[in-house]
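Structure first, then comments.
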Amino acid sequence: MRDNGEIVSIRSYPSPNRNIRLDEITYWSCGNRVKGLLARPQHIENPQALLYLRGGLQSIGMVRAARIAQFAAQGFVVFAPYYRGNRGGEGKDEFAGEDRYDAVFAVDVLKQFTQEKSIHIYGFSRGGLMAMWVAILRGDIASTVIWAGTSDVAQTYWDRVDMRRGLRRIIGGTPNKVLERYNDRTPLFAVEEIEAPVLLVHGTADQHVYIEHAYRLEGVLQEKGKQVEVWYAADIPHHYPPQLNRETVKKIGQWMKGKRDSRI
């Protein structure tokens, strides 16, 4: 039996930045060979480590090399799992079901390329679910950033008419019929296990993941006495305008670097 997080293969991948080395990694997760993209800055000593958790479902919202390189250029070794069933990986994408462990064990992959004892997590949109589960299930997390992140899977079903058919197929019914399956994917009910500080970034005009997801997560974290900071952008949609996006990515990198966890 292969160990979770064990690397199966490493394949060179074209990089949009000559100062960033990219490799596609295949690793084991729950008996599945899962793939992801690794970015390493070539001229930065002792970079910190960042787990990048993509949004979307299946081929929608797939990891982009340019985005991963953007974070790596700030001085992070970055690993971004595709999640199972994507780009030749085994298994099925389950929208934060058992595939959450692809993110959990991706930390073990990332740690093979860094000297850091704790890592940062970034989750965008659906990746917010994955990021929260990693922060809940692991104790070696320095900080967690949720950008435009989903926090309640049942609410996502009601919010997104265009996703209902896919969610019914993946989860096995509507929230009215199988609410426990939706709740099992929802990290809101387990945030008391989070130890690392959390940053919520969200546009108030987001029509893909409504701002209420951030408001509710913020409230639950505060109720449980957790460290939470919010950056809400008035009248900004799901995808930030290019200039604001670049500025926000830079600020996030600075925020994470200030949260290196010395306890681990």
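Where a number appears in this text, it was derived from the coordinates with a stated rule and is not lab data. Keep in mind it's a predicted model, so treat the numbers as computed, not measured. Reconstructed Cβ throughout: ideal geometry from the backbone, glycine too, with neighbour counts over all protein chains shown.
Just a few scattered comments:
- Principal semi-axes of the equivalent ellipsoid, √(5λ) from the alpha carbon gyration tensor of region 53-106, are 21, 12, 9 Å from largest down.
- Here the simple spin-label model places points 7 Å from the Cα toward Cβ, and for V8 and Q222 these points are separated by 4.5 nm.
- Inter-label distance for N245 and C30, nm, one decimal - labels placed 7 Å from Cα along Cα-to-Cβ: 3.1 nm
- Estimated inter-spin distance, V178 and N46, nm [label 7 Å along Cα→Cβ]: 4.9 nm
- For K117 and A234, a Förster radius of 41 Å and the Cβ-Cβ distance give a FRET efficiency of 0.60, rounded to the nearest 0.05.
- Mean shadow area of region 1-79, taken as a quarter of the surface of its Cα convex hull (nm²): 5.6 nm²
- For region 135-152 versus region 184-220, the inter-centroid distance based on Cα atoms is 9 Å.
- For the chain, modelled as a GNM whose springs connect Cα atoms under 10 angstrom apart, the maximal fluctuation among R181, R126, R84 occurs at R181.
- Percent of beta bridges antiparallel (DSSP, the chain, rounded to nearest 5): 45 percent
- DSSP beta bridge pairing in region 1-140, given as percent antiparallel to the nearest 5: 70 percent
- Label-reachable residues, region 54-76, where backbone N falls under 18 Å from a point 7 Å from K92's Cα toward its Cβ: 57-60
- As a size descriptor, the averaged projected area of the C-alpha convex hull of region 14-143 was calculated at 6.9 nm².
- Listed by Cβ neighbour count within 10 Å, with the fewest neighbours leading, T114, T204, T144 appear as T204, T114, T144.
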